[in-house]
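To start, the structure under review is shown below, and the notes come after it.
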Amino acid sequence: MAGPTFPALGGPWLEQLRRQAQLLPARGARQELVAALRGEPGQSPQAGRLAEAATVAVVTGQQPAVGGGPLYTLIKAAHAIALAERLAHDGQPCVAVFWCASEDHDLGEAGHADCVLRNGSVARFAPGLGGGHASLRFRPAAAWHAGWLAHLRTHLGPGLGEAFLSAQAPLPDEGLGAWLNRLLGAVFGDRLVRTEAFRLRGLWTDMAAQALRAWPVEALLLQRARLLADGAVDAFGELPQAPFFADEAQGRRKLTAPEAAAVLARDPGLLSPGAAIRPILQQAALPAVAYVGGDGELAYHAFLTPLYAAFGAQAPLLVPRLHTVLAPSWLARALAGWQCDVPSLIRQAQAPILATTRQPATVPLADLDRVLAALTALAPSHRFLAGPVRRLGHARDGLERGLQKQLRQQRGLTPYGQLRGYVLPRELPQERVMSLGQALWEHGPGLGRLLVQEAAGHLGGGTSVLSLS
């Protein structure tokens, strides 16, 4: 079977997706799949459509976190919905599936939620999730939910989605994964099938056994060597065996191959895959025609291409997710004063020079620039000029800063750095820092529908700005 491929932007790859759907086997375990999916509380009725042999899935996923995780979790789910609905509209039965990676135990990524404030600063909520190595599905969401709402209220003020998020209070003993799936169900309704990965373990036992018997070490090493030679960042290091863990309430424990085989034989429900084998087991459980992922995810999939050939699985098409900047109306108004938009704000780190027709802001500086240029040209042959010319240049820059500051104050402009900090907090994309909880608090659950509409216009990925009133 072919390994993962990246669709080109534009219309032709949609036809490629339709052809890909015809290559997926009509699995005999469809009823078992539906039964497993229906174990998720509040599951979408669309899960039942996967019992039909012709129905395929567009899959995306993310680990849960305090406050739901970063904004891009919402964007990925919206993109999967938009792509699945486009395929269904074109005659290919398809549903969107969100794979909640609650088996992970990375508390560093999951243990906080960030608010990006209007002044460009970041207010972090980090309640702590407890110690040990238990996976996220065993970490109760109720422990931090009230404090998180208080944090949002303190730093953001009243929000359009305040009542909505308050209504999503965790149930007793509800883990992070179950809570995130319930939240996504409330945002996207029946358009999104959700599942925690552990629910599907019974569907991949055969492939897990095959991976433990015949792990393609040499093929993986060769693929890794080729990618590293081409300049790729090493995603996993060497993979001498299939990575598995025992997922127990007291902790997630890494297993040797013999230990994993013993757990699989004794209690397969405890066997949890590591990141390097998760994609192939996902294909064993779901009829995935495409996977919507971020840049890093799609890059590491390339290291795993040999697994599909080794285990006879059809790889999904890898679709780069949409990157979206949320632009509230206050941001648009503030940028209008700078005669600037979000793309130029991202490109240009320094504040643009404000133009004016009044004296003395432009003409004297232009005159001074001409004098400085003439003196700078003379400096190499008149060494005594070097120091004075340098000091005069500093004075000229200070004069311009003062004039620009005066203009900003006269026009009541929001400092440019604050605006840029809102769009690029900590010089990172907004969607990577801002929590999805903040986005829902400020814009309400209707944001999900708007993101699906936005993704429908960018099915092949790319970058967009979503203007919000």
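The values are calculated or read from the model by the stated rules, or taken from the named source; none is laboratory data. Just so it is clear, the structure is predicted and the values come from calculations on it, not from any experiment. Because the Cβ atoms are built from the backbone with ideal geometry, glycine has one as well, and the counts that use them run over all protein chains shown. To get the accessible areas, we keep the full protein, side chains included, count just its heavy atoms, and leave off ligands, DNA and RNA. Shrake-Rupley method; radii C 1.70, N 1.55, O 1.52, S 1.80 Å.
Couple of notes before you dig in:
- Among the residues of segment 237-272, the one identified as open to solvent by 50 Å² or more (accessible area, probe 1.4 Å), within 20 Å of Y300 (Cβ to Cβ) and in contact with a Gly (Cβ under 9 Å, 6 or more places away or on another chain) is K254.
- Candidate set: segment 273-284, residues that are part of a helix (DSSP H, G or I) and under 23 Å from the mean Cα position of the chain (by Cα); chosen: the one surrounded by the fewest Cβ atoms within 10 Å (Cβ to Cβ): R278
- Residue within segment 296-314 that is touching a strand residue (DSSP E or B) at 6+ places or on another chain (Cβ under 9 Å), open to solvent by less than 10 Å² (accessible area, probe 1.4 Å) and part of a strand (DSSP E or B) present: no
- Among the residues of segment 65-88, those identified as open to solvent by 30 Å² or more (accessible area, probe 1.4 Å) and among the charged types (D, E, K, R) are E85, R86.
- Subset of segment 142-171 [open to solvent by less than 30 Å² (accessible area, probe 1.4 Å), without any contact (Cβ under 8 Å) to a residue 60 or more places away in the chain and closer than 16 Å to A123 by Cα]: L149, H151, G157
Here is a yes/no grid of residues against (1) at pLDDT 75 or above; (2) of a type outside the set (D, E); (3) within 18 Å of C340 (Cα to Cα):
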{"residue": "P352", "(1), (2), (3)": "yes, yes, yes"}
{"residue": "T362", "(1), (2), (3)": "no, yes, no"}
{"residue": "A366", "(1), (2), (3)": "no, yes, no"}
{"residue": "L372", "(1), (2), (3)": "yes, yes, no"}
{"residue": "L378", "(1), (2), (3)": "yes, yes, no"}
{"residue": "L399", "(1), (2), (3)": "no, yes, no"}
{"residue": "T414", "(1), (2), (3)": "yes, yes, yes"}
{"residue": "L428", "(1), (2), (3)": "yes, yes, no"}
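- Number of the condition not met by W330 [criteria: (1) open to solvent by less than 30 Å² (accessible area, probe 1.4 Å); (2) among the aromatic types (F, W, Y); (3) closer than 21 Å to L451 by Cα]: (1)
- Any hit, segment 407-420, residues being open to solvent by 20 Å² or more (accessible area, probe 1.4 Å), within 25 Å of A96 (Cβ to Cβ) and touching a helix residue (DSSP H, G or I) at 6+ places or on another chain (Cβ under 7 Å): no
- Applying the set (1) assigned to a helix (DSSP H, G or I); (2) over 24 Å from the mean Cα position of the chain (by Cα); (3) under 24 Å from R224 (Cβ atoms); (4) free of Cβ contacts under 8 Å to residues at least 24 places away in the same chain to K254 leaves exactly one unmet item: (1).
- Residue match in segment 118-139 (condition: over 22 Å from the mean Cα position of the chain (by Cα) and outside any loop (DSSP other than H, G, I, E, B)): yes
- Some residue of segment 48-64 being crowded, with 18+ Cβ neighbours inside 10 Å, modelled with pLDDT under 95, outside any helix (DSSP H, G or I) and among the β-branched types (V, I, T): yes
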